[in-house]
Amino acid sequence: MLNREERGRIIAGLKNIDCRAYQKQFIQDKSRRRIVLKSRQIGFSFICALEALVEALEKGRSQLFASASDRQSRIMIKYVRMFLTKYFDIAPLRASDETVVLANGAELIALPKNYYTVQGFNGSLYFDEFAWNRDAKKIWQVLVPSTSEVRGRITVLSTPYAKRGKFYDLWTDEDTKYSKYEIDIYKAIELGKPIGGCGTVEEYIQELKDDLKDPEFFPSAYECKFIDDKDSYIPLSLIEKVQKLDPDELYNQEIWLGIDIGRLHDATEITAVGENENGIKEVKFIISLYKETFAVQRKTISDLFKKYNVVKCYIDRSGLGINIYEDLQAKFRNRVIGIHFTQKNKEQMAKNLKRHIEEKSILLLKDREAALHYSAIKRIATQSGFKYDCERSKEVKHADKFWSLALALRPFSKFKKKMKTRRYSR
């Protein structure tokens, strides 16, 4: 397939690509089936794109990239084009954001995430972030047969999601024919991942946590830990069915705000809810303020009143929230309503939110971190009844996005008896 000059360029180019030990081990594995449970940001999309390109050049076999989002698939093609020009000095026959066609006829294709439109391809398959693909089972059924005729390879890689779904089943299958790799952030660092100029590994890990600004999501994002939602008050399987939206610019649309106040240990979470022409509630945006001063929080919330048509703002006035509530209530009067987080109020709000999701009368943002918050709440039996809370640990805090959404939905009760709202004046 390759002439001597082209092969020489590839060999020279590969020598100039800095691969870490775990990446080298992975591409040296010639198994036909491989599965990788991995941390985020450790270079597996990069190395898979390189491996796929080399196979396409050497064997003339097409390469198919199926990701949880169209954008992620196009990133693989972006890497392919970069390798061709920067390292191999080989011109493709044709190239776009979705497809690269080589002179030998092999194609590298970023497949659309819609399983209805991915049939008819043959080649080696790369499933990227497969645990997060909403239609993973259907995509699998449609695409895997495309490898058989050409003896293509199947590579499945992902950060973990819930303890269910096709990726989880593949990973936990004791009789699997797949070659398995598990690389969390700590192992990646041990095997050569740079720590971004930080002095110590501990400093780098803390920087990742500070950047992520979501302790609940860190174990899934970086430590290869699946999420156990079997005891969740609202399981991920329900949440996923209504996660359909991207953030909205809103223009002059009416919105209702829910704000759960935090300061040092928890973020202040702001959720905006609107209503579409069919009466379905929609989450328009979520703002997270992590370790921000109360002055910054007050200004951020006040700016939302100026920018958007805020009908009502429901704010947690318990504990830390009291001062911000009083300042905002003085400024925006009856548009700001304070809610005490009593056990009774939390139960009413939690039940109302769950009913909206069950009845699909609300559409949520396609936000994986928010989904983890929504599923983190558990219904816990106590001597005085039930409470709705998270299991507390370093990683799992208060599921603040859950409560900010529950607050925003407070005026839209799904129960016959309206939830009482008590207004507090200064």
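The values are calculated or read from the model by the stated rules, or taken from the named source; none is laboratory data. From a predicted model like this one, the values you see are computed outputs, not experimental measurements. Neighbour counts run over all protein chains shown; Cβ positions are idealised from the backbone, glycine included.
Here are a few things to note about the model shown:
- Of all residues in the range 149-191, those satisfying the criterion of being in a loop (DSSP other than H, G, I, E, B) and either in contact with a Phe, Trp or Tyr (Cβ under 7 Å, 6 or more places away or on another chain) or without any contact (Cβ under 8 Å) to a residue 40 or more places away in the chain (or both) are 149, 160, 161, 163, 165, 173, 174, 175, 184, 191.
- Filter pass, residue 95 being surrounded by fewer than 18 Cβ atoms within 10 Å (Cβ to Cβ), farther than 29 Å from residue 366 by Cα and modelled with pLDDT under 95: no
- Subset of the range 120-144 (residues that are of a type in the set (Phe, Trp, Tyr) and in a strand (DSSP E or B)): 126, 127
- Matching entry among 381, 371 (being exposed (fewer than 14 other Cβ atoms within 10 Å of the Cβ) and either at pLDDT below 65 or farther than 21 Å from residue 321 by Cα (or both)): 381
Condition check ((1) out of contact with any helix residue (DSSP H, G or I) (no Cβ under 6 Å at 6 or more places or on another chain); (2) of a type outside the set (S, T, N, Q); (3) within 24 Å of residue 35 (Cβ to Cβ)) across all residues:
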residue: 82; (1), (2), (3): yes, yes, no
residue: 93; (1), (2), (3): yes, yes, no
residue: 99; (1), (2), (3): yes, no, no
residue: 103; (1), (2), (3): yes, yes, no
residue: 119; (1), (2), (3): no, no, yes
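- When residues of the range 102-134 are limited to those that are crowded, with 24+ Cβ neighbours inside 10 Å and aromatic (Phe, Trp, Tyr), the one farthest from residue 158 (Cα to Cα): 126
- Qualifying residue in the range 341-350 (condition: closer than 17 Å to residue 297 by Cβ, touching an Asp or Glu at 6+ places or on another chain (Cβ under 7 Å) and outside any helix (DSSP H, G or I)): no
- Evaluation of residue 211 against the conditions (1) surrounded by fewer than 16 Cβ atoms within 10 Å (Cβ to Cβ); (2) in contact (Cβ under 8 Å) with a residue 24 or more places away in the chain; (3) among the acidic types (Asp, Glu) shows that the sole unmet condition is (2).
- None of 191, 250 is surrounded by 13 or more Cβ atoms within 10 Å (Cβ to Cβ) and either within 30 Å of residue 313 (Cβ to Cβ) or under 22 Å from the mean Cα position of the chain (by Cα) (or both) except 250.
- Residue tally, condition touching a helix residue (DSSP H, G or I) at 6+ places or on another chain (Cβ under 7 Å) and either within 21 Å of residue 37 (Cα to Cα) or assigned by TED's automatic domain parsing to the domain that holds residue 290 (or both), over the range 188-203: 5
- Cβ separations smaller than 8 Å between residues 6+ apart or across chains give the following pairs from the range 247-271 residues that are modelled with pLDDT of 90 or more to residues that are in a strand (DSSP E or B) and basic (Lys, Arg): 255/284; 256/312; 257/312.
- Residue within the range 218-225 that is at pLDDT 85 or above, out of contact with any helix residue (DSSP H, G or I) (no Cβ under 8 Å at 6 or more places or on another chain) and not assigned by TED's automatic domain parsing to the domain that holds residue 159 present: yes
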